[in-house]
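Q: Handing you this structure, nothing more for now.
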Amino acid sequence: MTGTAERAPVIRVGDKDNVAIAVAPGGLPAGTRLDDGTVLTENVPFGHKVALGDIEAGQPIVRYGEVIGTAAGPIRCGGWIRESAVRLPEPPALSELPLATRPAPATEPLEGYTFEGYRNADGTVGTKNVLAIATSVQCVAGVADHVAGRIRRELLPRYPNVDDVVALNHTYGCGVAINAPAAVVPIRTLQNLVRNPNFGGEVMVIGLGCEKLLPQTLMPAEAEGGSLLSLQDPAFTGFGAMVDGIMETAERHLERLNGRRRQTCPAADLVVGVQCGGSDAFSGVTANPAVGFAADLIVRAGGSVMFSEVTEVRDAIHLLTPRAADAEVGRALLREMAWYDDYLQLGGADRSANPSPGNKTGGLSNVVEKALGSIVKSGTSPIVDVLAPGERIRRRGLTFAATPASDFICGTLQLASGMTLQVFTTGRGTPYGLAMAPVIKVATNSVLATRWHDLMDLDAGRIATGEASIADVGWELFHLILDVASGRKQAAADKLGLHNALVLFNPAPVT
């Protein structure tokens, strides 16, 4: 860090960086002198970059020790580096990247840490005890929501050990090219969603009866006692009969779920997803590094962490392929990057569509800068596996689960992959939450943490002001994860009942 909390603070991450970001709330005024002698020639907004030396047109702009772009024109020392001043560089060529070349860091196993979870027959462990009502087609979503509301009001009070009932609604199942090759993504996502450990192995599917996606497709082979109902079943005469039939079926599942009890489980049974949304320039220096530190602790404890968001990994992929546990994992990383490159090209889009206007207001100039700050959520552990969108987690350790960067699609796909708790970092702020798994929200800056005091769970902005280290906040987050997974503490989104709808990733044609 250049400067102090008392004297015009800015953050410079690496020795090679020729920019720093303004830390002072409200930004820094023209005429401010930094510790290195740089004098600001204009006002620099909170979180935005200031040039620490003259940068001529075409010369690299360096942050995190990496080139985030080149200067579109001359930038003078002390000047505010606006988004328009940074030209987007070419992404790393996938054919030239090193695979599995970085030895795993020497770490000691982390022993003795536990949480209180719900152990399932298949060995997985949930952090919630939820009745999930899966739907095979969007046509039944209204009925599923109606019934879920009635179950919540009329039945749940009789089953105090069940946390909630949720309808796994979506916009798929009919009016789609069900046999198109890319249809495998939404179909396996729905198939694996019902298997999430937080649902206790109780599978209940509601279909319509004429949809392309047959309801039985969502019933896992191992689901003993699973229930399948079709609204077009002649046995149902009228809406009331449909509702009564679903309620009666739900009660059988509630009785079994109500018998579940939390038990002490090793931290090795955790499956934690990490994601960011509403990112800003602080994401890569406060919250995301703290999440990465906590991710390393979970891996050291034998647990599982998945990170995602292909579009926010692609421009930093050269920093990840060396961390692959072996060449096969490295090639799988390249496979997912290439698949998404082709997907964007087919849609007539490119990576410049990311970041969002809010990200830019928060100081992020382009997707390269965003990616470099995003990948630090993965920590330093070897990447042991790569999942295509919607695949279920296979190995303990750090996994890359390929998803788009959309908060809602990423959350849905991580749930399908088996995530039972998510850590979500934000600098601009978002009320994002999931009913199916707890979401711990980490603020990247203290301005947001103070303003949204009842929406954020942890303030990582203390790292920027020097009040706490990355390790301090990382350990704090690790303990918070154990407490939330155990039900001892409740995430803000759950306290407030803020839960987003599921959003499937459907790259296949719609007919």
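Q: Which of the residues that make up the range 351-366 are of a type in the set (D, E, K, R) and either assigned by TED's automatic domain parsing to the domain that holds residue 72 or under 14 Å from residue 48 (Cα atoms) (or both)?
A: Answer for the range 351-366, where residues must be of a type in the set (D, E, K, R) and either assigned by TED's automatic domain parsing to the domain that holds residue 72 or under 14 Å from residue 48 (Cα atoms) (or both): just 360.
Q: Another question, then. Of (1) surrounded by 24 or more Cβ atoms within 10 Å (Cβ to Cβ); (2) at positive phi, residue 466 satisfies all except one. Which?
A: Every condition holds for residue 466 apart from (1).
Q: Another question about this same structure. For residue 431, state whether it is closer than 17 Å to residue 310 by Cα and either part of a loop (DSSP other than H, G, I, E, B) or not assigned by TED's automatic domain parsing to the domain that holds residue 61 (or both).
A: No.
Q: Considering the range 317-341 alone, what residues qualify as being under 28 Å from residue 267 (Cβ atoms) and either of a type in the set (A, V, I, L, M) or surrounded by fewer than 19 Cβ atoms within 10 Å (Cβ to Cβ) (or both)?
A: 319, 320, 322, 324, 325, 326, 328, 329, 332, 333
One line per residue, one yes/no per condition, for (1) among the acidic types (Asp, Glu); (2) closer than 25 Å to residue 89 by Cα; (3) over 16 Å from the mean Cα position of the chain (by Cα); (4) in a loop (DSSP other than H, G, I, E, B):
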position	(1), (2), (3), (4)
365	no, yes, yes, yes
375	no, yes, no, no
384	no, no, yes, no
389	no, no, no, yes
394	no, no, yes, yes
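Q: Quick one: residue 227 ticks every box in (1) surrounded by fewer than 21 Cβ atoms within 10 Å (Cβ to Cβ); (2) of a type in the set (Ser, Thr, Tyr); (3) not assigned by TED's automatic domain parsing to the domain that holds residue 135 bar one, so which box is it?
A: (3)
Q: Could you pull out the residue among 250, 268 that is small (Gly, Ala, Ser), touching a residue at least 24 places away in the same chain (Cβ under 8 Å) and in contact with a Gly (Cβ under 7 Å, 6 or more places away or on another chain)?
A: Within the list 250, 268, the selection yields 268.
Q: Given 96, 6, which one is surrounded by fewer than 20 Cβ atoms within 10 Å (Cβ to Cβ), modelled with pLDDT under 95, acidic (Asp, Glu) and closer than 30 Å to residue 381 by Cβ?
A: Every option except 96 fails the conditions.
Q: Filter the strands (runs of 3 or more DSSP E) completely within the range 3-122 down to those with at least 1 residues that are within 30 Å of residue 196 (Cβ to Cβ).
A: Filter on the range 3-122 gives 114-119.
Q: When the residues of the range 170-186 are narrowed to those that are surrounded by 15 or more Cβ atoms within 10 Å (Cβ to Cβ) and of a type outside the set (A, V, I, L, M, F, W, C), which ends up nearest to residue 505 (Cα to Cα)?
A: My answer is 186.
Q: Residues to consider are 502, 455; find the one that is in contact with a helix residue (DSSP H, G or I) (Cβ under 7 Å, 6 or more places away or on another chain), under 30 Å from residue 212 (Cβ atoms) and either in contact (Cβ under 8 Å) with a residue 60 or more places away in the chain or part of a loop (DSSP other than H, G, I, E, B) (or both).
A: Answer to the check: 502.
Q: Turning to a different aspect of this structure: So is residue 420 touching a residue at least 60 places away in the same chain (Cβ under 8 Å), surrounded by fewer than 24 Cβ atoms within 10 Å (Cβ to Cβ) and over 17 Å from residue 293 (Cα atoms) or not?
A: Against the criterion (touching a residue at least 60 places away in the same chain (Cβ under 8 Å), surrounded by fewer than 24 Cβ atoms within 10 Å (Cβ to Cβ) and over 17 Å from residue 293 (Cα atoms)), residue 420 does not qualify.
Q: Sticking with this structure for a sec: Taking residue 116 as the residue in question, decide whether it is in the same structural domain as residue 252 (by TED's automatic domain parsing), in contact with a Cys (Cβ under 8 Å, 6 or more places away or on another chain) and charged (D, E, K, R).
A: So residue 116 does not fit the description; no.
Q: Looking at 219, 204, 247, which one is of a type outside the set (S, T, N, Q), at pLDDT below 95 and outside the structural domain of residue 368 (by TED's automatic domain parsing)?
A: Going through 219, 204, 247 in turn, just one is of a type outside the set (S, T, N, Q), at pLDDT below 95 and outside the structural domain of residue 368 (by TED's automatic domain parsing): 219.
Q: Further question on the same structure: For the range 373-384, name all the residues that are surrounded by fewer than 22 Cβ atoms within 10 Å (Cβ to Cβ) and touching a residue at least 60 places away in the same chain (Cβ under 8 Å).
A: Result: 380, 381, 382.
Q: Could you list, in sequence order, the residues of the range 222-252 that are of a type in the set (Asp, Glu) and not in a helix (DSSP H, G or I)?
A: 222, 224, 233
Q: May I ask you to say which residue of 316, 281, 294, 332 is under 16 Å from residue 479 (Cα atoms) and either hydrophobic (A, V, I, L, M, F, W, C) or assigned to a helix (DSSP H, G or I) (or both)?
A: 294
Q: Going through the range 255-304 one residue at a time, which ones are more than 24 Å from residue 370 (Cβ to Cβ) and among the hydroxyl-bearing types (Ser, Thr, Tyr)?
A: If the condition is that a residue be more than 24 Å from residue 370 (Cβ to Cβ) and among the hydroxyl-bearing types (Ser, Thr, Tyr), then 264, 304 are the ones that fit.
The values are calculated or read from the model by the stated rules, or taken from the named source; none is laboratory data. Not measured: the values here are computed from a predicted model. In this analysis, Cβ positions are derived from the backbone assuming ideal geometry, glycine residues included, and neighbour counts consider all displayed protein chains.
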